Structures are given as structure tokens and as C-alpha cells.
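Just so you know, all these numbers are worked out from the coordinates, no wet-lab data involved. Model, not experiment: these values are computed from the prediction. Glycine also receives a Cβ, built like all others from the backbone with ideal geometry; neighbour counts cover every protein chain displayed.
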Amino acid sequence: MVREYLNKSLDRALRILDLFDESQTSLTASEIAATVGTTPATLYPTLHTLVSHGYLIRDDRKHFRLGMKLLERSGQVLAQSDLRRVARPHLKKLARNRQVTSDLAILYGHEVLYLEREVGHPTAVLAEVVGRRVPAHCTSLGKVLLAFHPDAKSADYLESFSLDRYTPNTIVDPKRLAKELEEVRDSGYALDIEEFHQGNACVGAPIWSHGGRVVAAISLMLPVDDRIRDRDCEDDAAAVVSTAHDISSELGYVPAKGRAS
């Protein structure tokens, strides 16, 4: 570790979180301060910040304990670490049954990051995409991940994206993209018809974690024909949504009453 790059405030916050374990689940500000070598008054801004973000909670006895935010974050890490293992056989089955390519991806900043690809046709030769990043606004995977992002309904969030045009069909207007994302939330799947690559179409659906958050998306890549141009993708969408549901269930997701996965 290069000490000159160490952020002292962040280092102190992480050291505080590391104090809590099975034998020490509750600590006062004085106890924390004594352990990290400072005073409670000096420590208060750090403690207040951790509490405000949900990483610590302060009970009626003025004791600090780990907050639920850590459980939420750990759930996301576990979901992603299991994601490829759980999704791979489902993706393979989907690709083989539909005789096309299926993909798994997550949102990485403003882009889609590919985690897995399965090729349905044994003679198909496609460039390696695992680890590749592509724009979110013009891909079915990206639309799904954006649609279910916590800030999806914020105009500022969508306007922070660079909506570059890749084909004549690419959506470059934030208001139109917002409307498209609303349709994705209503239908449970997203379409990309020649928005990123001409001649290609994709249909994607969300993967939900056990905590009820969308942590990834899967898609099918389809050759564009008259059926696709007419948006007659119901069978393909149903297959993707069903596969996404199976993956989500294996990750521990249980849909809330009245909401489909």
C-alpha cells in the first residue's frame, strides 16, 4: 500500500467498522475512540456519517452497532459471486433451446459489463465479450439495468448519460429514454432493435437478488427480420423472462405479492 495515497478519513471509518465482530457487537463512542486512538468529539463526524448512510446504527443507550446497509451490500456481493455459477446452465439451456446467443451482464457505472455468454448454434463463431463494456442506453441489457436502477426515475440521472448515436435507431433523447424505461418496468423486459448494431436485435430481462434488487440482466441476441421489426417478440421475451425468473429464484429471490419478477 502506498501510504501517501491513504485517505485518513476513509481509513478511520473502515477501521471503525472492523471493530465490530461476534464478540463485540455494540460499542460506545468512547470505546471506539479509545481503540482508534482519538477522542469522541473528534470521532463524532465519522460516526454521524456512518449512521446517516446506514452502515452504523445508534440505539437508545447511545451504543453503536453495525447497520443493515452492510447486510444489503454483502447480499449484493454474494449475489454477484454466485451469479455466473448459477446463471451459466440456465443461459446455456436458453441459448440451445432458442438456437441463438444469450448473455449475462451487470451495470458498471454508465455502461454494461458482460459477465457470461453462451452460443446456441454449434457453428456460430462470435468475438469474446466477457469483460467487455458497452453503452447502456442502446442495449436491451442496459435498458433493463437502467429501468430498475434506484435512480431510474430521476431526470438528472438519465441526463448524466452520454446518449451517443450508434445507428439510426439509437435513442438519444433523455425524455424518450425515460418513456422507454417506464415501458420496460411495465412489461418486465426490454427490446433493442438495431439500436447498437444494425442487423442485430436483443431482448433482455432482469435478474433479482434475494434482497429484492435487480443485480444483473440476461438477453437473447436475435437476427433482425420482418417479425422482429414488427416487434413480434413475445415468444422470445417469454423465454428470457422465464429464464431470468429461474436464475433469480436460485439466487433466493421471492417476488413481493402482486409483483412479477
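Values for this structure:
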{"read-out": "Stretch gain in nm, segment residue 164-residue 21, where the contour uses 0.36 nm per residue and the Cα spacing is subtracted", "value": "46.7 nm"}
{"read-out": "Cβ-based exposure ranking for 141, 10, 104, in which fewest neighbours within 10 Å come first", "value": "10, 104, 141"}
{"read-out": "Zone of residue 31's modelled label, taken as backbone nitrogen in the stretch 51-69 under 19 Å from a point 7 Å along Cα→Cβ", "value": "51, 55-68"}
{"read-out": "Net +/- balance of residues flanking residue 181 in space, Cβ distance below 9 Å, scoring K and R +1, D and E -1", "value": "+1"}
{"read-out": "Among 112, 144, 51, residue whose mean-square fluctuation peaks in a GNM of the chain (springs only between Cα atoms under 10 Å)", "value": "51"}
{"read-out": "Residue 172/residue 232 FRET efficiency (R0 30 Å; Cβ-Cβ; nearest 0.05)", "value": "0.70"}
{"read-out": "Computed [θ] at 222 nm, deg cm²/dmol, the chain (DSSP H ≥ 4; -39,500 (n - 2.57); rounded to nearest 500)", "value": "-13500 deg cm²/dmol"}
{"read-out": "Convex hull of Cα atoms in the stretch 72-250, direction-averaged projection (nm²)", "value": "9.6 nm²"}
{"read-out": "Those lysines that a straight Cα-Cα span of less than 23 Å connects to residue 92, excepting residues fewer than 8 apart in one chain", "value": "143"}
{"read-out": "Computed label-point distance, nm, for sites residue 41 and residue 57 using a 7 Å Cα→Cβ extension", "value": "3.1 nm"}
{"read-out": "Whole-number percent relative contact order across the chain, with pairs defined as alpha carbons under 8 Å at least 6 apart", "value": "15 percent"}
{"read-out": "Unsatisfied cross-links (Cα-Cα over 31 Å) in the set 69/153; 93/175; 62/153; 8/153", "value": "93/175; 62/153; 8/153"}
